[in-house]
1. Counting other Cβ atoms within 10 Å, which trypsin sites (Lys or Arg not before Pro) in segment 294-324 have at most 12 and lie in a DSSP loop?
2. Tell me the mean residue ellipticity at 222 nm calculated for the chain from its helices only (DSSP H runs of n ≥ 4, each -39500 (n - 2.57), averaged over every residue, nearest 500).
3. What order, most packed first, do the peptides 171-180, 63-72 have when packing is the mean number of other Cβ atoms within 10 Å of each residue?
4. Rounded to a whole number, what is D in µm²/s for the chain from Stokes-Einstein with the Kirkwood radius over alpha-carbon pairs (4 °C, 1.567 mPa s)?
5. In degrees between 0 and 90, to the nearest 10, how far off the longest principal axis of the chain does helix 236-248 point, with axes built from Cα atoms?
6. Enter the Cα centre distance for the pair segment 255-272 and segment 137-197, rounded to the nearest angstrom.
7. Where the Cα atoms of segment 1-100 are projected onto their three principal axes, how long is each span, largest first, in whole Å?
8. What would the Debye equation give as log₁₀ I(q)/I(0) for segment 41-91 at q = 0.23, 0.33 Å⁻¹, counting only Cα atoms as equal point scatterers?
Amino acid sequence: MRTILTDSIKIAAYNVKRGDLVAFPTETVYGIGANVFDEKAVSKIFKIKGRPADNPLIVHVASKKDIGILAKEITPSAKKIIKKFFPGPVTVILKKNEIVPDIVTASLDTIAIRMPSSKIARELIKLSGVPIAAPSANFSGSPSPTSFQHVMKDLSGKISCILVGPASKYGLESTVIDCTGKYPVILRPGSVTLEMLRKKIDKRIVFRKSTGRIKSPGQKYRHYAPKAKVKLISDYRLRIADSQSIKEAKVEKQKEAFIGLDKKYLNRFEVVKICKTIEDYAKNLFSFFRECDDNGVKIIYCQKVSEKGIGLAIMNRVKKAKHS
Ligand code: AMP
Ligand code: MG
């Protein structure tokens with residue numbers, strides 16, 4: 001299949017309308033989208049990504065009024081979140097309306113809804129005339145794409161259109177919040193942080209790690225993983241021990257990389273990304289994973305940060321990327 005690379009939102013919307021898949025920029029990561037009401041188009045997303053059928057998609061809307069078409073009831077906590085954080089990098093889970101095909105929600109009776117702050121994404125949804133079901137535009141399990149070049153690498157020849165836009169502002173997927181219960185529960189941390197939500201929405205909000213009953217099916221899968229082995233920098237001592245024994249065994253040293261905030265690691269690794277701020281760390285994590293794979297890096301050391309603010313989302317992604 002020939003993949004058109006375009007910056008015309010009109011052309012991209014035309015592709016959505018005729019039942020094809022379009023990759024498009026958002027402020028979180030690039031998405032691969034289809035008309036939410038077109039089951040055949042949505043099924044192509046699962047096929048092309050190699051996404052398990054029990055991992056539901058997030059449905060993207062251009063305006064708040066479209067939420068009422070997709071969800072049965074907008075709970076008081078969802079109303080608050082929508083008021084304070086939509087449009088933005090946050091997704092609410094609500095009871096779904098029958099109009100939404102089961103394939104989109106993996107047959108759950110709930111639906112994930114997000115309104116992107118990216119103007120390009122919203123314009124695409126508007127011109128398509130329908131909400132767009134869209135996961136990240138990568139193969140299942142690999143790091144999410146944060147630029148159109150990443151999407152090209154994974155999906156050229158497999159989808160009909162890539163809408164070109166800027167690199168993603170946040171670089172991590174949205175915060176997913178279950179709003180169907182007594183109080184909201186974070187199922188996936190993101191750039192809208194637990195602290196922000198506790199302050200603005202409800203003090204009782206918690207992040208529920210995906211142990212026990214699986215509420216958010218996507219969280220049970222290994223995710224975000226580059227080909228290189230990922231380690232937290234607290235493993236650094238181990239690394240010194242490792243390289244010592246490697247040297248002794250006269251085995252060629254493996255190419256290693258580092259990403260984090262601490263300048264002291266600048267000259268100790270072959271590929272290094274020192275981030276100025278924690279937001280910068282979040283923004284660069286996935287693109288760094290991809291850069292490392294392109295450079296044949298064998299081990300990526302990620303600096304451990306405290307699980308506060310956006311640090312919770314960074315550590316969540318790094319832990320999922322670690323090979324067990
Ligand atoms: P992705 O589209 O790859 O960013 O993944 C979407 C995330 O949202 C996955 O972790 C899904 O499991 C989660 N998700 C989507 N729909 C629902 C839902 N109805 N209930 C719970 N989690 C959901
Ligand atoms: Mg994804």
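Read the figures in this text as sums done on the coordinates, not as results from a lab. This one's a predicted model, so the numbers in the text were calculated from it and none came from an experiment. A quick note on method: Cβ atoms are made from the backbone with ideal geometry, for glycine too, and the neighbour counts reach across all protein chains shown.
1. Answer in residue order: K308.
2. -9000 deg cm²/dmol
3. Per-residue mean Cβ counts within 10 Å order the peptides as 171-180, 63-72.
4. This corresponds to a translational diffusion coefficient of 64 µm²/s.
5. 50 degrees
6. First find each Cα centre; the distance between them is then 26 Å.
7. 46, 29, 21 Å, listed from the longest principal axis down.
8. So the normalised log intensities are -0.92, -1.32.
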